[in-house]
Amino acid sequence: MIHEENGVFPAVCPLDCPDTCGLLLHKENGKIVKVTGNPDHPVTQGAICNKVRNMAERVYHPERVLYPLKRVGAKGEGKFARITWDEAVAEISGRYKELIREHGPESIMPYSFYGNMGILSVDGMDRRFFHRLGTTQLQQGICNSAGNAGWKYTMGFGGGTSPEETVNAKLIIVWGGNLVSTNMHQVALIEKARKQGAQLVVIDVHRNRTGQRADWFIPLYPGTDSALALGIMHVLFERGLVNETFLERYTIGHAELREHVKQYTPERVSAITGVPAEDIVKLAVLYGETSPAYIHIGNGLQHHDNGGMNVRTISCLPALTGQWLVPGGGAYKSNGAYGKMNAAALERPDLRPNPGARTVSMNRLGEALLTLDPPIRALFVYCSNPAVVAPDTGKVERGLRREDLFTVVHDLFLTDTAKYADIVLPATSSFENTDLYSSYWHHYVQLQEPVIPARGESKSNVETFKLLAAAMGFEEEAFRDSEEDMIRQALQFPHNPYLQGVTLEKLQEQRLVKLNMEHQKDYLDNLKTPSGKIELYSAAMERAGLPPLPTYVPLREGYDGERRPGEGDAYPLMFISPPNHSFLNSTFGNVEKLTALEKSPLLQIHPQDAAERGIEDGDEVTVWNDRGSYRVKTSVTDKMLPGIVVSQGLWWEQEDGRRTRANALTPDRLADLGGGAVFFSTVVNVKRQ
């Protein structure tokens, strides 16, 4: 493919999105001129989002970094001079050797996430290099870790209902997710189900694009999701709408839960959530009497102080009604565990000379750079843009400005983070690499092979970390493995029966291979909880000092219907910052076609809150709290309850130098479970300029 000038070639979308779409790349004269969907993909079936339709603009963007760069101005100015790869590698390896000699390997820290979802890009040679180096370890909890932990306490295994089955559902509840913007092919399946008579209920803080499609939209206060789920349980038990046979056979703790939820009456839950008591009863009866009933748990509700408990509580609902036994019923939080690869073979933690090395949460990057003792003295950032995406970006920026911090960024662009780097290394796009992709939603593994040559002097993560390993003098065989070697190692994993039959050779022939989902029929008989059953009561949580039963725990920062702001409270508004329809986190924030569609950052504010502050639609306002502030235009709307403001999207620094970083306001606390981020447990105030 790479040497063919013209034609249409298969590819995979590399973005951190559940759909992991099959693509077709159209080449003319050696250049990608169009990106379309692959109609032969069994799930995505040729449909792609507008973001990916513009992927070629990103590949050939005039501001793409094509050569290694060295900083020549002050940190943050973005002034660099071109250097060679030899010079860059010598500088990095020389600094690392010096730091290890003087301060030990834990003075160095990697920072990465899933800017590219390919396993070789983020879980391969990079991990081997940093393990062998012995660096400080990174806990990657910015996205799904709180919810995953909550789900696993209940279900034991990070997998749920298969997407294709959801067309059989008669009731679909989308809870805390804007699927129109973040999981479009699930929306297509929902629409098929609706044509067959299914109802769509959307529960969310904000009536987003998905909420606008719903048969019934239910708004609630941020972070009160577990209270609503407990209110539903109260009604299910009280009205005899539970499946007693299922509870006896497949769960533990149902007697304790039955007693526990008596306190969560519809009236009490209404006072907490803002959902009318009669709607709580109506929703519970609808759920209890409709089968198949499917719950799609989104990412938003886990980004709270109580985010893990929110997901744990909702994940108990299908067990109460026995929906796990009904095709099209059950729930989904993530299906990533079905495609779990051999991480030990891929990442090689056995190379680490110091297995007990300290760990830093990526959610606390700013705090770590400013206060950790002994300090982080070198930072290597790849597949992420923490100056925009990390919580409390003011702290992150202050940390990145440290003159004694040696920062390397490997990226396609001079991102807001790269402007603080000492060395910037040019990264390949996914269409220039060999990589392997699995989905955390559907059940297909896909192979990407290069379609175009690497642009300029850009290098993949595999190439980059091989070069650095050689410069550091690492002689282990692991650093000589090819991409194909590493893919074979990742797929050889007897502990995951779902990978049986998935081989590199099949992938090279077919481009995608379905996981062995025959094993899913034994799902309920092979749960990985301590009891082997669905744990409505979790002794493991009790031992960890957590409530063993699903429980509503109020936010540390924020309000609910019972705890409203007091007179004179400095920050009386709850602030949430969900995804922008045209960006994926900060990716595409520099693609002109997509930024033009979004026009500019906006703050959505309820008419009641706007009137109290003398704010009219389109006014420029300042949003602030004790962490930071930014200026933005308003949209006055009733798409959320009073007391809530919404700012969608993660925007790059504007051309006039203005910053509209929502994460300047968000806290770097950790969630109740899994070390998760708490972006949406944020309070602010707003004033007219």
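The values are calculated or read from the model by the stated rules, or taken from the named source; none is laboratory data. Only a predicted model underlies this, so the values are computations on that prediction, with no experimental measurement involved. Glycine gets a Cβ as well: all are built from the backbone with ideal geometry, and neighbour counts include every protein chain shown.
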>> Could you check segment 71-85 and list, in sequence order, the residues that are more than 30 Å from the chain's Cα centre (by Cα), buried (at least 16 other Cβ atoms within 10 Å of the Cβ) and of a type outside the set (A, V, I, L, M, F, W, C)?
In response: ARG71
> What helices (runs of 4 or more DSSP H), lying completely within segment 124-243, carry at least 1 residues that are of a type in the set (Lys, Arg)?
Replying inline: 125-133, 145-155, 184-195
>> Name the single residue that is farthest from HIS410 (Cα to Cα) among those in segment 451-465 being surrounded by fewer than 21 Cβ atoms within 10 Å (Cβ to Cβ) and not hydrophobic (A, V, I, L, M, F, W, C).
In response: PRO453
> Given GLN302, GLN263, which one is out of contact with any strand residue (DSSP E or B) (no Cβ under 8 Å at 6 or more places or on another chain) and either farther than 23 Å from MET640 by Cβ or among the aliphatic types (A, V, I, L, M) (or both)?
Replying inline: GLN263
> In segment 606-651, which residues are assigned to a loop (DSSP other than H, G, I, E, B), more than 20 Å from PRO578 (Cβ to Cβ) and hydrophobic (A, V, I, L, M, F, W, C)?
Replying inline: ILE615
> Which ones in segment 496-510 are within 15 Å of LEU436 (Cα to Cα) and not in a helix (DSSP H, G or I)?
Replying inline: VAL502, THR503
>> Is it the case, given these coordinates, that GLY253 is within 16 Å of LEU536 (Cβ to Cβ), modelled with pLDDT of 95 or more and out of contact with any helix residue (DSSP H, G or I) (no Cβ under 7 Å at 6 or more places or on another chain)?
In response: yes
> Do we find that VAL285 is surrounded by fewer than 24 Cβ atoms within 10 Å (Cβ to Cβ) and hydrophobic (A, V, I, L, M, F, W, C) in this structure?
Replying inline: yes
>> Give me the residue from segment 528-562 that is modelled with pLDDT under 95 and either among the acidic types (Asp, Glu) or surrounded by fewer than 20 Cβ atoms within 10 Å (Cβ to Cβ) (or both) and, out of that set, nearest to ASP672 (Cα to Cα).
In response: ASP560
>> If the requirement is being surrounded by fewer than 23 Cβ atoms within 10 Å (Cβ to Cβ) and over 30 Å from ILE487 (Cβ atoms), which of these qualifies: LEU372, LEU365?
In response: LEU372
>> List pairs: first residue in segment 271-297 and at positive phi and in the same structural domain as ALA193 (by the TED database), second residue part of a loop (DSSP other than H, G, I, E, B) and of a type outside the set (A, V, I, L, M) anywhere in the structure, Cβ distance under 6 angstrom, at least six positions apart or on different chains.
In response: GLY274/TYR221; GLY274/GLY561
> Looking at this structure, is SER121 in the same structural domain as ARG358 (by the TED database), polar (S, T, N, Q), in contact with a strand residue (DSSP E or B) (Cβ under 9 Å, 6 or more places away or on another chain) and part of a helix (DSSP H, G or I)?
Replying inline: yes
> Does segment 442-457 contain at least one residue that is assigned to a loop (DSSP other than H, G, I, E, B), assigned by the TED database to the domain that holds PHE129 and among the basic types (Lys, Arg)?
Replying inline: yes
>> Take the residues in segment 563-591 that are modelled with pLDDT of 90 or more and hydroxyl-bearing (Ser, Thr, Tyr); name whichever of them is farthest from LEU414 (Cα to Cα).
In response: TYR571
> Within the bounds of segment 215-230, is there any residue that is closer than 21 Å to ILE576 by Cβ, modelled with pLDDT of 95 or more, assigned by the TED database to the domain that holds GLY328 and touching a Cys at 6+ places or on another chain (Cβ under 9 Å)?
Replying inline: yes
>> Let me spell it out: the conditions are (1) of a type outside the set (Val, Ile, Thr); (2) outside any loop (DSSP other than H, G, I, E, B); (3) under 30 Å from VAL52 (Cα atoms); (4) touching a residue at least 60 places away in the same chain (Cβ under 8 Å), and LEU247 meets all of them except one. Which number is the exception?
In response: (3)
> How many of the residues in segment 36-70 are buried (at least 19 other Cβ atoms within 10 Å of the Cβ) and of a type in the set (Asp, Glu)?
Replying inline: 0
> Inside segment 409-435, can you point out the residues that are crowded, with 24+ Cβ neighbours inside 10 Å, within 19 Å of ILE108 (Cα to Cα) and not aromatic (Phe, Trp, Tyr)?
Replying inline: VAL409, HIS410, THR417, ALA418, ALA421, VAL424, LEU425
>> Looking at segment 98-112, I want the residues that are over 19 Å from ASP123 (Cβ atoms) and in the same structural domain as THR417 (by the TED database) and have a partner that is assigned to a helix (DSSP H, G or I) and polar (S, T, N, Q) with Cβ atoms under 6 Å, at least 6 apart or on another chain. Which pairs are those?
In response: LEU99/SER107
> Just a yes or no: is a residue in segment 217-239 out of contact with any Phe, Trp or Tyr (no Cβ under 7 Å at 6 or more places or on another chain), closer than 21 Å to ILE172 by Cβ and without any contact (Cβ under 8 Å) to a residue 40 or more places away in the chain?
Replying inline: yes
> Has segment 378-399 got at least one residue that is without any contact (Cβ under 8 Å) to a residue 60 or more places away in the chain, surrounded by fewer than 20 Cβ atoms within 10 Å (Cβ to Cβ), among the charged types (D, E, K, R) and part of a helix (DSSP H, G or I)?
Replying inline: yes
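Matching residues to (1) part of a helix (DSSP H, G or I); (2) touching a Lys or Arg at 6+ places or on another chain (Cβ under 8 Å); (3) surrounded by fewer than 22 Cβ atoms within 10 Å (Cβ to Cβ):
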{"site": "ILE272", "(1), (2), (3)": "yes, no, no"}
{"site": "TYR294", "(1), (2), (3)": "no, no, no"}
{"site": "TRP324", "(1), (2), (3)": "yes, no, yes"}
{"site": "ASN354", "(1), (2), (3)": "no, no, yes"}
> Within segment 486-509, is even one residue hydroxyl-bearing (Ser, Thr, Tyr), under 18 Å from HIS443 (Cβ atoms) and not assigned by the TED database to the domain that holds ASP126?
Replying inline: no
